[in-house]
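Data first, discussion second: the structure below is written as structure tokens.
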Amino acid sequence: LIAIKPDKTADFEQVMMKVGEALMKSAEPQRREQAAGWKVMKGATPMPDGNIVYTHVISPVVRGADYGIMAILYEGFTNPVEQSELYELYSGAFGAALGANVGVTAVDLSQP
């Protein structure tokens, strides 16, 4: 979960589209697997401070894969100017890191 400044949601979403592009154009099959299981959800209601909550939903997780946003971007876009621009867009969008929930499935409602 991350909080994105309300006036920077377009920047954040642009960067995440670039993450998807980098994953899909990678020569590594593992990167395409990551893209297949990764969604970014946008909260419908702003937080009291106005920030917008985004949630990364990754299922299934690719074992051993690096999900670091900047690592993926720098791997996919090697031009230093473009890397710098993407970093500025990404880092400038953050309001706060809200946390993460990593664990195992407790209840799978799709199973009888």
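The values are calculated or read from the model by the stated rules, or taken from the named source; none is laboratory data. All values derive from a computational prediction rather than experimental measurement. Every residue, glycine as well, gets a Cβ built from its backbone with ideal geometry; the counts of neighbours run over all protein chains shown. Only protein heavy atoms, including side chains, enter the accessible area calculation; ligands, DNA and RNA are left aside. Shrake-Rupley method; radii C 1.70, N 1.55, O 1.52, S 1.80 Å.
Quick check: the distance between the Cα centres of segment 37-112 and segment 3-34, to the nearest angstrom? Distance between centres, Cα-based: 8 Å.
Could you please state how large a percent of the accessible area of the chain is carbon and sulfur, counting protein chains only and using a 1.4 Å probe? Provide the component values of the computation, followed by the final result.
Numbers: 4140 of 7280 Å².
Whole-percent figure for carbon plus sulfur exposure: 57.
Arranged from highest to lowest average of other beta-carbon atoms within 10 Å per residue, in what order do the peptides 23-36, 4-17 appear?
Numbers: 23-36: 14.5, 4-17: 16.1.
Going from most to least packed, we get 4-17, 23-36.
A simple packing score, the average count of other Cβ atoms within 10 Å per residue, orders the peptides 73-82, 59-68 as 73-82, 59-68, with the highest score first.
Calculated accessible area for the chain comes out at 65 Å² per residue, all protein chains present (probe 1.4 Å; ligands, DNA, RNA ignored). Take each peptide in 40-50, 84-94, count the other Cβ atoms within 10 Å of every residue, and average; sorted highest first, the result is 84-94, 40-50. With the cut-off at 26 Å, report for the chain the share of all Cα pairs above it, as a whole percent. Everything past 26 Å amounts to 24 percent.
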